[in-house]
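Undergrad: Starting off with a structure, shown below.
What follows draws every value from the coordinates through simple rules; no lab data is involved. Being a predicted model, the structure only gives us computed values, none of them experimental. Positions of Cβ are backbone-derived with ideal geometry, glycine not excepted, and every protein chain shown enters the neighbour counts.
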Amino acid sequence: MDIAQILINTLVRAAELSLLAIGLTMVFDILKFANFAHTDYAVLGALFAYVFNRILGLNLFLAIILAAFVTGCVGILIDQAIFKRLRNIGAKPVTLMITSMGTAIALRNLMRLIWSSHTKTYAIPLQKPFEILGARITPLQIGIIVVGLISMIAFHLLLHRTTFGKALRAISDNSDLASACAIDSEKMIKRMWFLASAYGVIGGSMIAMEHLLYPRLGFDIIIPVFCATILGGIGNPYGAMLGALTLAFAENTVLALDLGPIINFGGWFDVGSIQISTGYKPAISFMILIIVLLFKPTGILRKK
Amino acid sequence: MAVINFVIYLSTMIGIYSLLAMSLNFQVGITGLINFGQVAFFCIGAYTSSLLVVNAGIPVVVAFLAAMALSGVFGYIMSIPTKSLKSDYWAIATLASGEIVRLVALNEGWLTAGPFGVMGIPQILKDFISKDAYPVFYLLFVMACIIIVYFFLDKLTNSPFGRNLKAIRDEEELCLSLGKDTQKLKLQAMVVAGMVAGLAGAVFAFYIQFISPENFQPIETFLMWAMIIVGGRGNFMGAIAGAVVIQLFNVSTRFLGNYVPLGSDSMAALRMTIIGVLIILFLLYRPEGLIKEKKKVYD
C-alpha cells in the first residue's frame, strides 16, 4: 500500500473516531467516569438513522441529523433516569462506571431485540472511487472527511464562542467555583449529554456507512474510541482528535509492516519476512491502549 | 429422567460460575479492583488444561495445576499496571486484555486449533464410574471444588492479609500511609483470583469436553458481573447466591423459547437486556446486593 492510500484511510478513520472520542472525553472530564455505554448510544443513533432512511425514506443526511437529535435526547433521558440519581446519592465514579457497563449491556441487547443481529446498510448508491495521486477515494469517504472537519470546527466554536462552552470549560476547571458563579451545572450537564450523544451518532453513522451496521457494533468500537480518548489525554477534545489520528494511522500501517528486518537484527536470526496476521487487526488498538496506559496514562497532550 | 439430567446440568453450571463469581468477588468486592476481563482467566484455564491433556498427554491432575498456575501468572501480569493506573483506567485496560486473550485463542491455530476449538477432551476417571452416574459424580466434584475454594477464600479474607485488601478497597491512601505495600497486596490478590478462575476454566473444559473461542465471549464477563452485583459483593455467599440467581434465569429461560414467539437470537437478546436492567436496578436501589457484607467493627 502506498503512502497516499494510507493517508486517505487514516483521515477517514480519524474523522469517524474523533467524533466519538470527543463525546467520551467530555463526559469523562465533567462527570469523572468512563462511560462504557457511549458507543452504544452512537449505534442506537445509527440505527435510528437507518429507520429514518430506509423505512421512512428520508434523505440519509437528514436522517442522520434527525437521529443525532433524537439520540441526544435519549442521552439526557438515560442520564436523568440513571446517572443523575447516582450523582445525587453521592456514588463514587467507579459505581457510575459499572452502571454504565450495565446500561451498555441493556442497550446493546435491546437494540439486538428490536433490530435483530443482522447487518444493515443505508440506501447509498454504489460508490465509484476517484484516483488521487494513485490512491483511491470514494465520494462517501470525501464526505466523511469533510463532515468530520466541519464538526470539529463547530465543536471548537461551541466551546470557545458560546456561553455554554465557557460554562462547560468552567465546570471542567473547577466545578465548585463554577457553581459559585451561578452556573447551573445540572443544566450544563444535560446539554453536554445531548452534545456528546449527538456527536457520537454522527461518528457512529459514518462508521456504519463505510462498513456495516449491526447492534453489536458499539462493543466492537469501544476500545478504539477509548484508545483515541486516552491517547489524546482525558478531558482534552483536541487531544481526542489527535489521538484518533494517531490510532487511525497505526491501525492502517501496523498490519502492512514487515517485522522481519527488525527480528533479523543484522542477519542474526534469518526469519525472512514476518507480518502480523490480519486476525489481530482489532488487537492493534487494544495493544496501543495498554501500552499508552502503561507508559503515558496522561496521554500525548496535557489537559489545557 | 430428562428433568433430572437437566437439573444436574444446571447445578453443575451454577457451580462452575460460582467459582468464577467468587474469584471476581475477591477482586472487586474485597480488593476493589474493577476487572472487566475476568473471562481471560476462564479462557486460559480451559485452554491450558485441555491442550495439555489432549495434545501432550499430560495427567489430568498436573494439567489442572498448570491451568491454575498459568491463570495465576496472567493475574500477576494484569496486576502490574495497577501500580501506575487509577482504577477506571485499569478497568478499561482489563476489557482490552480479555479480548486479546480470546483473539490469541482464535488466531494461533497451531496451538489452539483456532475457531474449530479443542475437541475430544477426555472425562476424568471415566473408567471407574458408570456412564449413568457420571453427571452426578462430576457435580459432586464441582461441589467439592466450591467448598474448598469457599473456605480458602473466606479464611484468606478474614486473615490479616484479607483485612489489608479491604483497607485498599476502602481507603488506599490510608493503607499506604500505614506502610502497607499496596502494590504487592493487589498483585497477590490478582494471583489468587486468577488461580481460582483458572480452576473454573479447567473444570468447565473437562465438563463440556469441547471448547472454542466462542465460549469465552466478553458476555461471560458481564454475566459474572451481574452475579456479584445481584448477589452482593464483599462476601462469598453473595457471589454464590448471585451465580444461582443469574444462571437459573439464564439457563431456564432458554426453554421458554417454545412458548414465546421469539427466535433464539431474540430470546438471547431479551435475556441479556433483562440482565443489564437488573444490574442497573440493583446498583440504584440495592447496591449491597442480596446478601450484605457483614462489616466487623473492632473496638
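Undergrad: What Kirkwood radius, in Å to one decimal, follows from the Cα pairs of segment A:32-108?
TA: Numbers: mean 1/r = 0.0754 Å⁻¹.
One decimal place: 13.3 Å for the Kirkwood radius.
Undergrad: Could I ask something else about it? Which far-off residues, 5 or more places away or on another chain, put their amide H under 5 Å from the one on residue A:132, with H placed in the peptide plane?
TA: Residues meeting the amide H criterion: A:137.
Undergrad: Can you give me the Rg/Rh ratio for segment B:166-208, using Cα atoms for both radii and the Kirkwood formula for Rh?
TA: Details: Rg = 15.2 Å, Rh = 12.0 Å.
We get a ratio of 1.27 for segment B:166-208.
Undergrad: Same structure again: If you fit an axis through the alpha-carbon atoms of helix A:93-115 and take the longest principal axis of the Cα set of chain A, what angle between them do you get, 0 to 90°, nearest 10?
TA: Rounded to the nearest ten degrees, it is 70.
Undergrad: Comparing A:110, A:213, A:66, which has the greatest mean-square fluctuation in the GNM of chain A with Cα pairs linked when under 10 Å apart?
TA: Fluctuation is largest for A:110.
Undergrad: Here is a further query. Anything in chain B that counts as a DSSP H helix reaching 18 Å or more along its axis (C-alpha) with Kyte-Doolittle mean of at least 1.0? List them, would you? If you can, show how the numbers build up before the last one.
TA: Numbers: long enough: B:2-25 (33 Å, 1.61); B:39-56 (24 Å, 1.71); B:60-79 (28 Å, 2.09); B:87-107 (30 Å, 0.77); B:134-157 (34 Å, 1.88); B:182-208 (39 Å, 1.29); B:218-231 (20 Å, 1.63); B:236-252 (23 Å, 1.75); B:264-285 (31 Å, 1.79).
Passing helices, by number: B:2-25, B:39-56, B:60-79, B:134-157, B:182-208, B:218-231, B:236-252, B:264-285.
Undergrad: A further question on this structure: About the Cα centre of segment A:3-295, what is the dipole size in debye to 20, counting +1 per Lys and Arg Cβ and -1 per Asp and Glu Cβ, all else neutral?
TA: Numbers: 20 positive and 14 negative charges, 162 e Å.
I would put it at about 780 debye.
Undergrad: OK, next. Name the long-range amide H neighbours of residue B:36: under 5 Å, sequence gap of 5 or more, or other chain; modelled H, no Pro or chain starts.
TA: Amide H neighbours of residue B:36: B:94, B:95.
Undergrad: Enumerate the aspartates and glutamates that residue A:166 could reach by cross-link, defined here as Cα to Cα under 17 Å, with residues fewer than 8 away along the same chain left out.
TA: Cross-link targets: A:29, A:176, A:184, A:186.
Undergrad: Could I ask something else about it? Could you give me the ³J(HN,Hα) list for segment A:150-156, computed from phi with Karplus coefficients 6.51, -1.76, 1.60 and θ = phi - 60°, whole Hz, x at Gly and Pro?
TA: Once θ is set to phi - 60°, the couplings for segment A:150-156 become 4, 4, 4, 5, 4, 5, 4 Hz.
Undergrad: For the protein assembly as shown, divide the Cα radius of gyration by the Kirkwood radius and give the resulting Rg/Rh value with two decimals. Numbers along the way, then the final one.
TA: Values: Rg = 24.9 Å, Rh = 25.5 Å.
Using only Cα positions, Rg/Rh for the protein assembly as shown is 0.97.
Undergrad: Pull up the cross-link candidates among the lysines for residue A:92, meaning alpha carbon to alpha carbon under 17 Å and not fewer than 8 places away within one chain.
TA: Those lysines meeting the cut-off are A:32, A:84, B:86, B:166.
Undergrad: On to the next question. Mind checking which of B:189, B:97, A:288 is farthest towards the positive end of the protein assembly as shown's charge dipole, using Cβ charges of +1 (Lys, Arg) and -1 (Asp, Glu) about the Cα centre?
TA: Final value for the positive-end residue is B:189.
Undergrad: Cross-link candidates for residue A:281: which lysines have Cα within less than 27 Å, leaving aside residues fewer than 8 places away along the same chain?
TA: Counting by Cα, and skipping residues close in sequence, residue A:281 has these lysines nearby: A:120, A:128, A:296.
Undergrad: Given H placed on each backbone N at 1.01 Å, which residues far from residue B:291 in sequence or on other chains put an amide H within less than 5 Å of it?
TA: B:232
Undergrad: Would you order A:285, A:117, A:205 from fewest to most other beta-carbon atoms within 10 Å of each residue's own beta-carbon?
TA: On the way: A:285 26, A:117 15, A:205 33.
With the sparsest Cβ surroundings first, the list reads A:117, A:285, A:205.
Undergrad: Taking the Cα centre of segment B:99-196 as the origin, how large is its charge dipole in debye, to the nearest 20, when only Lys and Arg (+1) and Asp and Glu (-1) carry charge on their Cβ atoms?
TA: Details: 10 positive and 10 negative charges, 38 e Å.
Around 180 debye, computed over segment B:99-196.
Undergrad: May I ask you to work out the translational diffusion coefficient for segment A:3-295 at 25 °C, viscosity 0.890 mPa s, via Stokes-Einstein with Rh from the Kirkwood sum over Cα pairs, reported in whole µm²/s?
TA: Values: Rh = 20.1 Å.
The calculation lands on 122 µm²/s.
Undergrad: Only Lys, Arg, Asp and Glu count, each charged at its Cβ (+1, +1, -1, -1), so figure out the dipole size of segment B:146-292 about its Cα centre, rounded to 20 debye.
TA: Values: 12 positive and 10 negative charges, 59 e Å.
Roughly 280 debye, rounded to the nearest 20.
Undergrad: Could I ask something else about it? If you line up the long axis of helix A:237-253 against the longest principal axis of chain A, both from Cα atoms, how many degrees apart are they, to the nearest 10?
TA: 20
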